[in-house]
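Notes for the one structure printed next.
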Amino acid sequence: MKTRLLGGIVALVLAIVGTLLLVSFVQGSEARAQKDLQPVDVLVVQTQIPSGATLDTIRSSVKLTSLPTASVPNGALKSLDGVQGKVAATDLMPGEPLLGARLVDPNSLAAPGSVPVPAGMQEISVQLEAQRVVGGRIAAGDTVGIVVLFGAGSGGDAASGATSQEVFHKVLVTSVQRSQSKATNSTSNSQEQANTELPTGQLLVTFARSDVDSAKLAFAAEFGKLWLTKEPASAAESAPVVIKKTELYR
């Protein structure tokens, strides 16, 4: 009798303890679930953002949105503070949180051997012989002066004489493409050859210019000739002068 009573008491105690443990576990699970569901405000892409988009474009294409904590990836941005000057590293699609890792320095997006195009400008290329490109010693990132020469009667104007003028100053070179050079034994030898050996073939030089200047360059390259000067930011600029044969001998 006593044994049965004792067994019943033990069973009751175990049942109570089990119930309490189960209730505690359920309550803990609910608490964890509630924590994961707690909303957090992050920037979410609303319209597609192309690779290379500036911060102004990104700002107009994202919206601060509340999402469950569990669905927010690490590195999601809550604001655009501290990312001035950065651009989109890749295409960003609507619905995805904006990650800090997706915003990079513009220089990191430039193709090898080139520099980024300043905002508001476009690129235009011309093909020139080495002697017209400072012996081929022009590289991406340099700034150059562009001298335009027209022969007598060029452009269909039979009455016009030969003229020359440095039309543009401190033009940014975004890339220079040249003929494949022979392999060298070392980097130092390659650099030495680039500065002392006669370049072969023509060079394709690309500039960053406005739309109007691009049209002027295209016209000059089509109907005249171009020569480049290596013109750093410290180079002096004289007043524009149209050079004719009479001015040359003065």
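Determine whether segment 220-239 contains at least one residue that is at pLDDT below 80, of a type in the set (Asp, Glu) and surrounded by fewer than 16 Cβ atoms within 10 Å (Cβ to Cβ).
no
Please go through segment 124-139 and give me each residue that is buried (at least 19 other Cβ atoms within 10 Å of the Cβ), more than 22 Å from residue 219 (Cα to Cα) and hydrophobic (A, V, I, L, M, F, W, C), ordered by number.
The one that is buried (at least 19 other Cβ atoms within 10 Å of the Cβ), more than 22 Å from residue 219 (Cα to Cα) and hydrophobic (A, V, I, L, M, F, W, C): 138.
For segment 69-85, check the following and say yes or no: at least one residue is crowded, with 18+ Cβ neighbours inside 10 Å and hydroxyl-bearing (Ser, Thr, Tyr).
No, every residue in segment 69-85 fails to be crowded, with 18+ Cβ neighbours inside 10 Å and hydroxyl-bearing (Ser, Thr, Tyr).
For segment 110-134, how many residues meet the condition of being modelled with pLDDT of 90 or more and of a type outside the set (A, V, I, L, M)?
Total satisfying the criteria: 7.
Among the residues of segment 82-94, is any within 30 Å of residue 240 (Cα to Cα), within 29 Å of the chain's Cα centre (by Cα) and in a strand (DSSP E or B)?
no
Does any residue in segment 164-188 that is at positive phi and modelled with pLDDT of 90 or more come within less than 7 Å, Cβ to Cβ, of a residue that is surrounded by 14 or more Cβ atoms within 10 Å (Cβ to Cβ) and in a strand (DSSP E or B) six or more places away or on a different chain, and which pairs are these?
170/143
Please tell me if residue 72 is farther than 13 Å from residue 40 by Cα and of a type in the set (A, V, I, L, M).
In short, no.
The values are calculated or read from the model by the stated rules, or taken from the named source; none is laboratory data. Since the structure is predicted, the reported quantities are computational estimates derived from the model, not experimental observations. Note: ideal-geometry Cβ built from the backbone for every residue, glycine included; neighbour counts use all protein chains shown.
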